[in-house]
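See below for the structure under consideration.
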Amino acid sequence: MADRVTVIGWDGSPLTAAGRGALGAATLVAGAAHHLALPEVPPAAERVRLGSVALAARRIAGHRGTAVVLADGDPGFFGVVRTLRAPEFGLEVEVVPAVSSVAAAFARAGMPWDDAQVVVAHRRTLRRAVNVCRAHTKVAVLTSPGAGPAELGLLMEGVHRTFVICEELGTDREQVSVVTSDKAADHTWRDPNVVIVIGGPSAPVPAGEGGGWIAGRDPSAGPRGWVQPDAEYGEGAALGEGETDLLRAAQLARLGPRVGDLVWDIGCGSGAFATEAARAGAAVIAVDRDLAACVRSDAAGRKFGVQFQIVHGGAPHVLENLPEPDVVRVGGGGAAVVTAVADRRPQRIVTHAATRDAAELIGRDLTEHGYQVECALLQSVELDTRAWTETERNVAFLLSGTLPQREASR
């Protein structure tokens, strides 16, 4: 019974001596069709077409002989190594690595990639991969059939990005194409492919620094703090109702926006909440019927180096064509807008009310939609510390609804 398997990464270049030696001695070879067609595969070896890695692992575990798995790129980076090392198979795994397809794609594009997000897109995770592309300026997407460049482009509607699409890297049919996201659905793309998604504003690199210190998004970019002082949003102008910094902090804590989420901010006002949700790594759609509020929100996002989509229009009717949200802040519109949002079944909804009657109305509506509702009366008092006297007082009912079924599915 096999208790050892050699995993060989293949990037289109000639196999290393270690790879040739392991493959030449193999009595079972698993891989994709183009792997099994390689001339180095022994003619007498059993060949297993690699679909489900778990099924292949069971075949390998029961095989009497020497097993090899061929995989594109680096098999330890979103690859087969994780499944093969699962305890239930009892396999000892040896890896002969190759250049990852992500590294190869960025090399073809002539771009650095230490500052890129890397996501895997298949039918189950496609929406979350798209949300990462909405929120970040540089993303590499490892695609799969049914979740490729065309599907990414269709779901990016309303957000302009540039796609660098690398098809069949390392083969004679390798091709690199550059298209805008709205044109990606006009073509048929060959698998396997990697899509580099770029565009939108990015935070400036400090003078004299050649790069960052951590791969992906730098968590230290921008000022410290989940929320910023009110004065950061509007040159001293008063924020709208429900936009004070302490209330925003409570709203963010209840919603917990994160990478891969899509947040709706309805009644975005100054753009303070939308900006802070985007700083958490989430994709954000900011909605307001006031054009001036949309302009202020755009300026706030640019100031802090984050990006989000802005939709000018009145809720609830403007919400009908927006993509499905994960969490929603309702900053304006009252019970009617909360009802329309609850009909879309996001995981969490947060809003505020100025009076107890309004809070009760919203709470009953959320309960009728199946949400577990919490309500708190928040009071904040600002003090002049020179004399320790009160300068401003804000009171609001904070309501949040959680959908148990959606919470359990995450």
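The values are calculated or read from the model by the stated rules, or taken from the named source; none is laboratory data. These numbers come from a predicted model, not from an experiment. Every residue, glycine as well, gets a Cβ built from its backbone with ideal geometry; the counts of neighbours run over all protein chains shown. SASA here: full protein model, heavy atoms, side chains in, ligands and nucleic acids out. Shrake-Rupley method; radii C 1.70, N 1.55, O 1.52, S 1.80 Å.
For region 189-339, the fraction of alpha-carbon pairs lying more than 20 Å apart is 50 percent, rounded to a whole number. Asp326 contributes about 0 Å² of solvent-accessible surface, heavy atoms of the protein only, 1.4 Å probe. Listed values (1) 34.2, 133; (2) 25.8, 89; (3) 20.3, 72 include one computed from this model; for Rg and Dmax of the Cα atoms in Å that value carries the label (2).
Return the Rg/Rh value of region 257-299, two decimal places, where both radii are evaluated on C-alpha atoms and Rh is the Kirkwood radius. It would help to have the intermediate numbers written out before the result.
On the way: Rg = 9.8 Å, Rh = 10.0 Å.
Looking at region 257-299, the ratio lands at 0.97.
If both residues of a DSSP beta bridge must be in region 1-148, then about 5% of such bridges are antiparallel.
Note on Asp3 and Ala376: their simple-model spin labels are 5.5 nm apart, each label 7 Å out from Cα toward Cβ. Around the Cα centre of the chain, unit charges on the Cβ atoms of Lys, Arg, Asp and Glu (plus for the first two, minus for the last two) sum to a dipole of about 1140 debye.
Want the number for Arg64 to Phe78: 0.36 nm per residue separation, take away the alpha-carbon distance, what's left?
Working: separation 14, 0.36 × 14 = 5.04 nm, distance 2.81 nm.
Gain on extension, Arg64 to Phe78, equals 2.2 nm.
Run the quick spin-label model on Glu40 and Val178: label points 7 Å from Cα toward the beta carbon, then report their separation in nm to one decimal. Result: 3.4 nm between the two label points.
Determine the percent antiparallel among the DSSP beta bridges restricted to the chain, to the nearest 5. Let's see the in-between values first.
Working: 37 of 76 bridges.
Antiparallel bridges: around 50 percent, rounded to the nearest 5.
Within region 67-193, the proportion of C-alpha pairs whose separation exceeds 21 Å stands at 42%.
For region 1-91, the percent of C-alpha pairs falling in each 5 Å distance bin, counted from 0 to the bin holding the largest distance, reads 3, 15, 30, 27, 19, 6, 1.
Please give the FRET efficiency for Asp218 paired with Thr27, using the beta carbon to beta carbon distance and R0 = 35 Å, rounded to the nearest 0.05.
Working: r = 48 Å, r/R0 = 1.38.
Computed FRET efficiency for Asp218 and Thr27: 0.15.
Along the axis of the charge dipole computed for region 19-156 (Cβ charges of +1 for Lys and Arg, -1 for Asp and Glu, origin at the Cα centre), the listed residues Val95, Pro43, Ala32 are led at the positive end by Ala32.
Averaged per residue, region 309-354 has 36 square angstrom of accessible surface, using a 1.4 angstrom probe with ligands and nucleic acids left out. A straight line joining the Cα centroids of region 349-410 and region 84-104 runs 49 Å.
Thinking of region 272-377 as a set of Cα atoms, what percent of all their pairs are more than 25 Å apart?
Numbers: 1241 of 5565 pairs.
Cα-Cα pairs of region 272-377 separated by over 25 Å account for 22 percent.
Over the chain, Cα pairs under 8 Å with separation of 6+ residues give a relative contact order of 10 percent.
For Arg47, the residues whose modelled amide H falls within less than 5 Å of its own, excluding neighbours fewer than 5 places apart on the same chain, are Val29. By the Cα gyration tensor, region 352-410 has an equivalent ellipsoid whose semi-axes, rounded to whole angstrom, run 33, 15, 5 from largest to smallest.
Report in % the part of the accessible area of the chain that belongs to carbon and sulfur, leaving out ligands and nucleic acids; probe 1.4 Å.
With neighbouring chains kept in place, the figure for the chain is 53 percent.
Give me the angle, in degrees from 0 to 90, between the Cα long axis of helix 291-303 and the longest principal axis of the Cα atoms of the chain, rounded to the nearest 10. The angle comes out near 50 degrees.
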